[in-house]
Structures are given as structure tokens and as C-alpha cells.
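The values are calculated or read from the model by the stated rules, or taken from the named source; none is laboratory data. Note that the structure is predicted; figures quoted are calculated from it, not measured. Cβ: placed from backbone, ideal geometry, glycine included. Neighbour counts: every protein chain shown.
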Amino acid sequence: MAKITYIEHDGTEHVVDVKTGLTVMEGAVKNNVPGIDADCGGACACATCHVYVDEAWKDKTGESSAMEESMLDFAENVEPSSRLSCQIKVSDALDGLVVRLPESQH
Amino acid sequence: MCDLGANIVILGAGHAGGTAAALLRQYGHTGPITLVGDEPLAPYQRPPLSKAWLKGEADADSLALKPLEFYPEHQIDFRPNTRAVKLRRSDKLVELSDGTTLSYDILILATGARAIKLPVPGADLAGVLELRTAADAEALKAAVGPGKRLAVVGGGYIGLEVAASGRALGAEVVVIEREPRLLARVACEALSDFFQGVHQAHGVVFEMGASVTGFVGENGHVTGVTLADGRTLPCDAAVIGVGATPNDELAAEAGLETARGVVVNLEARSSDPAIFAIGDVAHRPMPLYDRMFRMESVPNALEQAKQAASAVTGRPPPAGEAPWQWSDQYDLKLQIAGYPFDADEVLLRGDPASGKFAVFHLKGDQIQSVEAINSPPEFMMGKQLILNRKAVSKAKLADPSVSMKEVVA
């Protein structure tokens, strides 16, 4: 279990307990956190679960795959801290994780 | 016009219906929402049923759109195992299979589509399966495994995904396709050839241009598929994947305008202003291609759920999207954006032999659609260009050494 804070583009915070083994995307979608669309349900096919991961958490969230990098490269509003949240698995080590959401996923 | 306290009934608890219910609450709807589904499960994702779930890489929890407690927590009255049997528009009432009725101010039809049955002898034998629901997928999963012989009827996406998953589980797989090539209705020839080659390399056997005339069985269970040329192919199970037909009878009987699907506008509103239709059951406008169309895809279900929920809650309509879909087979990710309507040229970017390429369908110098294999940049940029209607340079597009960011003319 990890407590994850999702911050919408307008600053609204959602603090959610996410089960180990789920992804950061699933934690948002299953708790009806707005701002993460996840059209493909986690198949790394759509880039609509784009988040910004705080610098402090970069190592713990792991490296992105070539497929993820490639998808992100063409998403909108991409920053160096951008990740696809369907590709970040939740573990106890991510307790306290903070992710910010972009203005739009499309 | 807009009433956040209106009484909303959603018929169909699939991806479209489930998403509409959640979005209505997200958008501030406070009135009653009743979500009626004919399956025992709360809304779940269907795409993994032929892919990750079938291979055992995803569990039931991960399929669910929302946890079960989500519905009571958000005052959504979810009614499983229930279907609507009659729509009485003049009374704004729906009669349900359990004998009760529901009144509505606003009705959202999300009744989906159903698998087309093969009208041949033996199609009702045990072991002749289809793949639409989680229950169908359970039956299929139980029927495939090492050494089991699986016959897949229909070389479309579902059939090919099942074939790939079946091979991954150790089953012997034969795919029987009526047309001379795979994916004949939905993909170009280059892609058909490519997929057939990949599946053959993974041990799938193909019977192309072959019609199924029936199924034979012993003790009520299928043991073989008979073909028009007289042969019988032995099998332990068969899966039929020959397309789907919209569940629009309820709407048609109630006098709503239908055309192989419930006809709606860009708000997903039907010919009755109090009734919306979303997802596989809707025949919707596609402004990008200047025509009406019915689509069977998750992105379409989500887009229309957004359109309906926005219209109902008085929000501005969502921005238009380019239609898209995806398929996973073996280590291949196929991503498709757009439809090749009115295309006058097919352009290949990359080498199919490398397992990484894209096929663009152009109308003049505009991209109508792109089929991308293991090529996210081609898909992502292609999707944006389809939506923005920007002209591209064909020479640059055909040259994989030019970045997709630089193909705009």
C-alpha cells in the first residue's frame, strides 16, 4: 500500500491509498481522480495517463521503456519529469509519491 | 435545459455505460443514476479478454473499470444481471427483465453489440465459443492449453489476438478465414501479409478462402470444423470471431431513428432529445470524414461517454478526437489512427521485415489513417495530423530517417 498524491492542473489535490501491484494510473482511475484518462487501460498504447513525477521520486519510480519514451516524445506538454503512469508499478517504496497532472491528456 | 438533479438511467454497463456514470458524477451531476447491466460483473475492460487476461497476465480486479464499492460510494445504483425488455418513450419508462420498471428524465443507451453467430449446423455444440464477455473468456481460457487444438473462425483482430494468446498458452491453432487475406475488412494488404507471416512463424496454421459449413461433435461437445471443400479439421474448441451487430432493437422498436445502430448527433443525442446512445450501439457523425459511422472501439466509447455526460451536465462539448484503436499480438503493438476513407494513395514507411513500420493512407497530401507496427512516433504524430488536417510531404513521410516531427509540408 502506498499513499499517492495526485495534483490536478488547477491545483486540486487527491490523496489516495493505492494497493501494491497496481499502477499509478490504476490508482487514479479506480478512485475517480479526474485528469488521467487512460483510454487504453494500461497497454502503453495511448499516452493519456501522462503525469509529472517530482524529481525526488525519479529513481524510485524506475526507468521508462523505449516504447514509453517513444510515446511520450509525441505527447503534448512533455517535460523531463514526464512519465506514463500506467508504466509505474506501485510498491511500498512509493509511499508518499506526488504526481502532477498535465492540463489535458489529448 | 440542463438539470443536475435529473433522473438518469443508463442501459448497458460496459465500457461506455460505466464511463458515462462515472463522468456524470465527476461533472457534478447530483440526481439519481441507475446503471443497468445484463452481466453479473460491474463495468470492466473487454480488450484484455483476448490478450493479457487470456494469457493470465491480468486478473479480474485489474479488468474492473472501478472497484465495486465505487458505485454505492458515488450513489450510482448498479443493477447487474438485468436487461431492459421494453422502452416506453411516451411514459419515459423502461421495463426490465426482472419485471420492474424504471422511470427516467434522461436515458442513455449503451447496450453495445453482440457477436454474430454462424448460421451453420453444430454451432450450438459445447466448445463452440465466442468472445465478447468475461464469461466467454473464462470458457475459452478453460478450453485452451498445451496440446489442445483450437480452431479460430475469422481472421479479424479478435481472432488473431486469440490465436496469439492460444499459441502463448501452448495450444495448436488453426485460423479459418473466408476471405483470401486476413483483416480484409479493416486493414491494408501489406498489413494482412505481415500478420499472416508473423502468425505462421509462431506456428499458427491458416485456411484462407475457406468457408465453414458446420461443426461436428461427440456427446454434445465439438470435435471438428467442417469446411466447404469437404474436409473436417479436428479441434477441441472453436472460437467464432466474425464480427458484431449492434443491440439496437430496443431503440428501433421504440421508434428511435436507427441505421445499423442508433442514430445520434455530436452530443450523442438520439432523435428523441431525452435519449442518448453511446459506444458500439451508436451510429454517429464523424466530422473528420464527413460521414456517419458506427465504431466498435474503447476510444469511441469513451469519447461518446464524454459527449453525452457533457451535454447532460451543461459543459462545453469535448474537443474532437481522431478515432483510434490498438491490438497486441506476440511482441507486436499495432496502433491504428483514423480510417482510410477516400484515400487515393498507400505509403509505406519503414521495412516490414524489420518488424517496425507504418502504412499511411493519404488523400492528396493529407493523412486519412495510419497503421503503425511497433512505431509509436508514426502513430502519435499521424493521429495529430489526421485531426489537424495538415498537409504532409510524401517524400519526407516515406523516409524513415526523417523524424515524424518534420513531415509536415
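Annotations for the structure displayed:
- B:ALA126 surrounded by fewer than 18 Cβ atoms within 10 Å (Cβ to Cβ), over 19 Å from B:ALA58 (Cα atoms) and in contact with a His (Cβ under 8 Å, 6 or more places away or on another chain): yes
- Members of region B:368-409 found to be of a type in the set (A, V, I, L, M) and within 14 Å of chain A (Cβ to nearest Cβ), listed by number: B:VAL370, B:ALA372, B:ILE373, B:MET380, B:MET381, B:LEU385, B:ILE386, B:LEU387, B:MET404, B:VAL407, B:VAL408
- Criterion applied to B:ALA308, B:ALA343 was being more than 10 Å from every other protein chain (Cβ to nearest Cβ) and farther than 23 Å from B:MET380 by Cβ, and the one residue passing it is B:ALA308.
- Boolean, B:ALA337 is surrounded by fewer than 20 Cβ atoms within 10 Å (Cβ to Cβ), modelled with pLDDT of 95 or more and touching a strand residue (DSSP E or B) at 6+ places or on another chain (Cβ under 6 Å): no
- Lone qualifier among A:HIS9, A:HIS106 - being more than 14 Å from every other protein chain (Cβ to nearest Cβ), assigned to a loop (DSSP other than H, G, I, E, B), touching a residue at least 40 places away in the same chain (Cβ under 8 Å) and within 27 Å of B:GLU321 (Cβ to Cβ): A:HIS9
- Residue within region A:34-43 that is within 29 Å of B:ALA16 (Cβ to Cβ), more than 12 Å from chain B (Cβ to nearest Cβ) and in contact (Cβ under 8 Å) with a residue 40 or more places away in the chain present: no
- Region B:256-293, residues that are crowded, with 19+ Cβ neighbours inside 10 Å, touching a Leu at 6+ places or on another chain (Cβ under 6 Å) and assigned to a loop (DSSP other than H, G, I, E, B): B:SER270
- Residues in region A:18-71 that are on the phi > 0 side of the Ramachandran plot and of a type in the set (A, V, I, L, M): A:ALA38, A:ALA47.
- Any chance A:GLY21 is part of a loop (DSSP other than H, G, I, E, B), surrounded by fewer than 21 Cβ atoms within 10 Å (Cβ to Cβ) and within 13 Å of chain B (Cβ to nearest Cβ): yes
- Residues of region B:98-118 satisfying the condition of being of a type outside the set (Val, Ile, Thr) and under 20 Å from B:GLY279 (Cβ atoms): B:LEU102, B:TYR104, B:LEU107, B:LEU109, B:ALA110, B:GLY112, B:ALA113, B:ARG114, B:ALA115
- Residues within region B:57-81 that are in a loop (DSSP other than H, G, I, E, B), within 13 Å of another protein chain (Cβ to nearest Cβ) and either within 19 Å of B:ARG46 (Cα to Cα) or within 21 Å of the chain's Cα centre (by Cα) (or both), tallied: 7
- Among the residues of region B:284-302, the ones that are under 18 Å from the mean Cα position of the chain (by Cα), of a type outside the set (Phe, Trp, Tyr) and farther than 14 Å from B:ILE108 by Cα come to 11 in all.
- Note on region A:89-99: among residues that are crowded, with 19+ Cβ neighbours inside 10 Å and not β-branched (Val, Ile, Thr), the one that is farthest from the other protein chains (Cβ to nearest Cβ) is A:LEU97.
- B:TYR104, sole failed condition from (1) within 14 Å of chain A (Cβ to nearest Cβ); (2) in contact (Cβ under 8 Å) with a residue 60 or more places away in the chain: (1)
- Among the conditions (1) away from chain A (no Cβ under 13 Å); (2) within 30 Å of B:SER393 (Cβ to Cβ); (3) surrounded by fewer than 15 Cβ atoms within 10 Å (Cβ to Cβ), B:GLU253 misses just one, which is (2).
- Leading residue by the ranking (farthest from the other protein chains (Cβ to nearest Cβ)) among those in region B:82-100 that are of a type in the set (Val, Ile, Thr) and part of a loop (DSSP other than H, G, I, E, B): B:THR100
- Residues located in region A:44-70, provided they are without any contact (Cβ under 8 Å) to a residue 40 or more places away in the chain, of a type outside the set (Gly, Ala, Ser) and more than 7 Å from chain B (Cβ to nearest Cβ): A:CYS46, A:GLU55, A:LYS58, A:ASP59, A:LYS60, A:THR61, A:GLU63, A:GLU68, A:GLU69
- Selection count where residues are at the interface with chain B (Cβ under 9 Å from one of its Cβ atoms), assigned to a loop (DSSP other than H, G, I, E, B) and of a type outside the set (S, T, N, Q), scope region A:24-33: 1
- Residue within region A:71-88 that is away from chain B (no Cβ under 14 Å), part of a loop (DSSP other than H, G, I, E, B) and hydrophobic (A, V, I, L, M, F, W, C) present: yes
- Where strands (runs of 3 or more DSSP E) sit wholly within region B:101-214, those with at least 1 residues that are more than 24 Å from the chain's Cα centre (by Cα) and not basic (Lys, Arg) occupy B:101-103, B:106-109, B:172-177, B:205-208.
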